[in-house]
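Remarks on the structure that follows.
The values are calculated or read from the model by the stated rules, or taken from the named source; none is laboratory data. Remember, it's a predicted structure, so these values are computed and weren't measured experimentally. Cβ: placed from backbone, ideal geometry, glycine included. Neighbour counts: every protein chain shown.
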Amino acid sequence: MTGTEPVFIERESRASEVDFGSAVPPVLQRVYAARGVTDAGDLDRSLSRLLPPAGLADAGKAARRIVRAIAAQESILIVGDFDADGATSVALGVSLLRRFGAADVQFLVPNRFEFGYGLSPEIVDLAANFDPDLLITVDNGVSSVTGVAAANARGMDVIITDHHLAGLELPDAYAIVNPNVVGSEFPSKNLAGVGVIYYLLGLVRAELRREGWFENRAEPNLADWLDLVALGTVADVVPLDRNNRILVYQGLLRMRAGRCRSGIQALVEVAGRDLSRLTAQDLGYAVGPRLNAAGRLDDMSVGIRCLMAEDLAAARGQATALDELNRARRELELEMVRDAELLVSQQDLDVQNQFGVCVYEPGWHQGIVGIVAGRLREKIDRPVIAFADAGDPAPDELKGSARSLPALHIRDTLDAIAARHPGMLKKFGGHAMAAGLSLKRVHYERFARAFDAEVRRQLPDHAFQRTIETDGSLSETELSLDTARLLADAGPWGQGFPEPLFYDEFQLVSQRVVGEHHLKLVVKQGQRVLDAIAFRQGPVQGASRVRLAYRLSENTWNDRTTLQLVVEHLTALA
């Protein structure tokens, strides 16, 4: 492990050059300006400020084809992905198309352990059992060249809705709706898969309206589906640009008001969160993982059925099953992370001299390796790929999940390795910070060396110095419950629009370990005595003062709400 102290950098803020008006307190002006918000108009989170669908390539063509399918009562099959973005995309697509009046809408989410990711020819064979006239992918498909060809050969029209980066060759689909394909002029490239299908079905509604479809039937309000959009967007950790912040904020408003799917309400309940005070962080760290647990350990159709449950009683049963899967996932994760740390510390992996790190242990669960890679990357400040056995029907293969550093585009790194070593990678895909791949087990050692070499080519030594960006210091008066509430209401915060993080020194009053792995602190600044919690942190030895990087949060206990500092990093001082 590196064990090096991170470098703290205060985010550059030009709040003095921006006029937000007197309604925005100085601390919030500083936070906004440090995130590139320079116009008071950008603080408007109303639906009227959403980007129009103009420029979303093929969206109009796809919408007209879906309208024809609805009018002719054709069979429509939605093929999803096995994560929370895919699950929310499927639930949105199926339920909204049915509300439009589509007579036959079904879904298929293949088991990741049998079929892997994307629309493969094998999945098309499964899809043929539904005898669809129109096949719509959600959150996948842009790289499925052979799968689309197989669907075309069977007489299925294929509409791809996706947000992942495309390969050199695009599938020969009827339409490809993806903000990240060449030719798409949609201003936001950060839509999640659920955001893409939401935009497309908005165009479908507009086409139906033009044709008089709703003269004798109720016209759905698309805002009623924003709970699914918010959950899928946050859970997929896409950057929260202005457009995504509006989608998430509006979805959260509806959840807090109780206007959400029974399945989401049930997931919030089993996660122990308060629906009326739900935040994007709750979606990302409590609700999303329970939904993802189905795809990691079992079958994502469990999660989709929860999201599509007709009543709260049925949803609670599904949510309980997902919560149990999530508990099992956490136990597996702890065991596998310990294994990975041992591999790094005991085997011939000199992290200080390695740039890219690969780990593999027979028996690891392939649904958990992405979490393992992420945890290990946090500890050693290196790009990490964790591998597991692929199992049947490819027992001689490994499946890997990669997690990167901000300075390294991991999908492009795999592309470079594939170009330098033809035939070594069977397939790969992903984003800048996360990717997946598969290869023959006999190529593992060779690939590990190639990965280290490619990362070494692309990154300088200083890229591995861990840095933590903060929003500077808070005054004693700003360390208050009012400030915590102000910042909570100013979100949503998330990827690309980080929750405010502050950096100060405190007197250490007391400390105790809680929940076996966490440190409960009482600290003091001036006359303010404050509670703090540091997760996965051991006791501080021989120090009377501490330096904390922390967030402000509300802590409610026995109907009493107080300020609590959530500590991201702790340094003991003399």
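May I ask you to list pairs of residues, at least six apart or on different chains, whose Cβ atoms are under 6 Å apart, with the first in the stretch 218-236 being surrounded by 18 or more Cβ atoms within 10 Å (Cβ to Cβ) and the second being assigned to a loop (DSSP other than H, G, I, E, B) and β-branched (Val, Ile, Thr)?
none
Working only within the stretch 170-192, note down all residues that are more than 24 Å from the chain's Cα centre (by Cα) and either crowded, with 18+ Cβ neighbours inside 10 Å or at negative phi (or both).
LEU170, PRO171, ASP172, ALA173, TYR174, ALA175
Would you please name the residue that is nearest to GLY526 (Cα to Cα), looking only at residues in the stretch 453-478 that are modelled with pLDDT of 95 or more and surrounded by 18 or more Cβ atoms within 10 Å (Cβ to Cβ)?
For the stretch 453-478, the residue satisfying everything is LEU474.
Any chance you could count how many residues in the stretch 435-455 are of a type in the set (Lys, Arg) and over 12 Å from ILE417 (Cα atoms)?
2
Output the residue which, of all residues in the stretch 36-66 that are among the hydrophobic types (A, V, I, L, M, F, W, C) and under 22 Å from VAL142 (Cα atoms), is nearest to the chain's Cα centre (by Cα).
Of everything passing the filter in the stretch 36-66, LEU56 is nearest to the chain's Cα centre (by Cα).
Condition check ((1) touching a helix residue (DSSP H, G or I) at 6+ places or on another chain (Cβ under 8 Å); (2) at positive phi; (3) crowded, with 18+ Cβ neighbours inside 10 Å) across all residues:
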| site | (1), (2), (3) |
| --- | --- |
| ARG277 | yes, no, no |
| TYR285 | no, no, no |
| CYS306 | yes, no, yes |
| ALA309 | yes, no, yes |
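How many residues does the stretch 238-270 hold that are touching an Asp or Glu at 6+ places or on another chain (Cβ under 9 Å), among the hydrophobic types (A, V, I, L, M, F, W, C) and in contact (Cβ under 8 Å) with a residue 60 or more places away in the chain?
The total comes to 3.
Which condition from (1) surrounded by 13 or more Cβ atoms within 10 Å (Cβ to Cβ); (2) assigned by TED's automatic domain parsing to the domain that holds GLY400; (3) out of contact with any Leu (no Cβ under 6 Å at 6 or more places or on another chain); (4) aliphatic (A, V, I, L, M) is the one that LEU519 breaks?
Among (1) surrounded by 13 or more Cβ atoms within 10 Å (Cβ to Cβ); (2) assigned by TED's automatic domain parsing to the domain that holds GLY400; (3) out of contact with any Leu (no Cβ under 6 Å at 6 or more places or on another chain); (4) aliphatic (A, V, I, L, M), LEU519 violates only (2).
Pairs under 8 Å by beta carbon, first residue assigned by TED's automatic domain parsing to the domain that holds SER401 in the stretch 322-342, partner surrounded by 15 or more Cβ atoms within 10 Å (Cβ to Cβ) and of a type outside the set (Gly, Ala, Ser), six or more apart or different chains?
Going by the 8 Å Cβ cut-off, there are no qualifying pairs.
Just to confirm my filter: which helices (runs of 4 or more DSSP H) fall fully inside the stretch 193-298 and include at least 2 residues that are farther than 26 Å from VAL369 by Cβ and not aromatic (Phe, Trp, Tyr)?
The qualifying helices (runs of 4 or more DSSP H) are 193-210, 226-235, 242-256, 262-270.
Filter the stretch 299-317 down to the residues that are in a loop (DSSP other than H, G, I, E, B) and of a type outside the set (Gly, Ala, Ser) and list them by number.
ASP299, MET300, MET308, GLU310, ASP311 - these are the residues of the stretch 299-317 that are in a loop (DSSP other than H, G, I, E, B) and of a type outside the set (Gly, Ala, Ser).
So for the stretch 21-33 (the condition being surrounded by 15 or more Cβ atoms within 10 Å (Cβ to Cβ), part of a helix (DSSP H, G or I) and of a type in the set (Phe, Trp, Tyr)), does at least one residue qualify?
For the stretch 21-33, residues surrounded by 15 or more Cβ atoms within 10 Å (Cβ to Cβ), part of a helix (DSSP H, G or I) and of a type in the set (Phe, Trp, Tyr): present.
VAL196 passes all but one of (1) surrounded by fewer than 24 Cβ atoms within 10 Å (Cβ to Cβ); (2) under 22 Å from the mean Cα position of the chain (by Cα); (3) closer than 22 Å to ARG49 by Cα; which number fails?
(1)
Looking at LEU226 and the list (1) touching a strand residue (DSSP E or B) at 6+ places or on another chain (Cβ under 7 Å); (2) outside the structural domain of ALA71 (by TED's automatic domain parsing), which single condition is not satisfied?
Result: LEU226 fails condition (1) only.
Could you tell me which residue of the stretch 34-44 is surrounded by the fewest Cβ atoms within 10 Å (Cβ to Cβ), considering only residues that are free of Cβ contacts under 8 Å to residues at least 24 places away in the same chain and not aliphatic (A, V, I, L, M)?
Here the residue is GLY41.
Within the stretch 145-169, take every residue that is touching a strand residue (DSSP E or B) at 6+ places or on another chain (Cβ under 6 Å) and surrounded by fewer than 24 Cβ atoms within 10 Å (Cβ to Cβ) and give me the one that is nearest to ASN244 (Cα to Cα).
Step by step, filter the stretch 145-169, then rank; the result is ASP157.
How many residues does the stretch 14-36 hold that are within 23 Å of GLY494 (Cβ to Cβ) and at pLDDT 80 or above?
Number of matching residues: 13.
Within the stretch 45-60, identify whether any single residue is within 24 Å of THR483 (Cβ to Cβ), of a type outside the set (Ser, Thr, Tyr) and surrounded by 15 or more Cβ atoms within 10 Å (Cβ to Cβ), and answer yes or no.
Yes, because at least one residue in the stretch 45-60 is within 24 Å of THR483 (Cβ to Cβ), of a type outside the set (Ser, Thr, Tyr) and surrounded by 15 or more Cβ atoms within 10 Å (Cβ to Cβ).
Report yes if VAL357 is closer than 13 Å to ALA448 by Cα and either modelled with pLDDT of 95 or more or crowded, with 20+ Cβ neighbours inside 10 Å (or both), otherwise no.
For VAL357, the condition - closer than 13 Å to ALA448 by Cα and either modelled with pLDDT of 95 or more or crowded, with 20+ Cβ neighbours inside 10 Å (or both) - is met.
Here are some conditions: (1) under 14 Å from TYR32 (Cα atoms); (2) exposed (fewer than 15 other Cβ atoms within 10 Å of the Cβ). LEU486 meets all but one. Which one does it not meet?
(2)
Take the residues of the stretch 34-48 that are part of a loop (DSSP other than H, G, I, E, B) and hydroxyl-bearing (Ser, Thr, Tyr): which is farthest from ASN244 (Cα to Cα)?
The qualifying residue farthest from ASN244 (Cα to Cα) is THR38.
Check whether at least one residue in the stretch 405-418 is touching a helix residue (DSSP H, G or I) at 6+ places or on another chain (Cβ under 6 Å), within 30 Å of GLN527 (Cβ to Cβ), modelled with pLDDT of 95 or more and not aliphatic (A, V, I, L, M), and report yes or no.
There is no residue in the stretch 405-418 that is touching a helix residue (DSSP H, G or I) at 6+ places or on another chain (Cβ under 6 Å), within 30 Å of GLN527 (Cβ to Cβ), modelled with pLDDT of 95 or more and not aliphatic (A, V, I, L, M).
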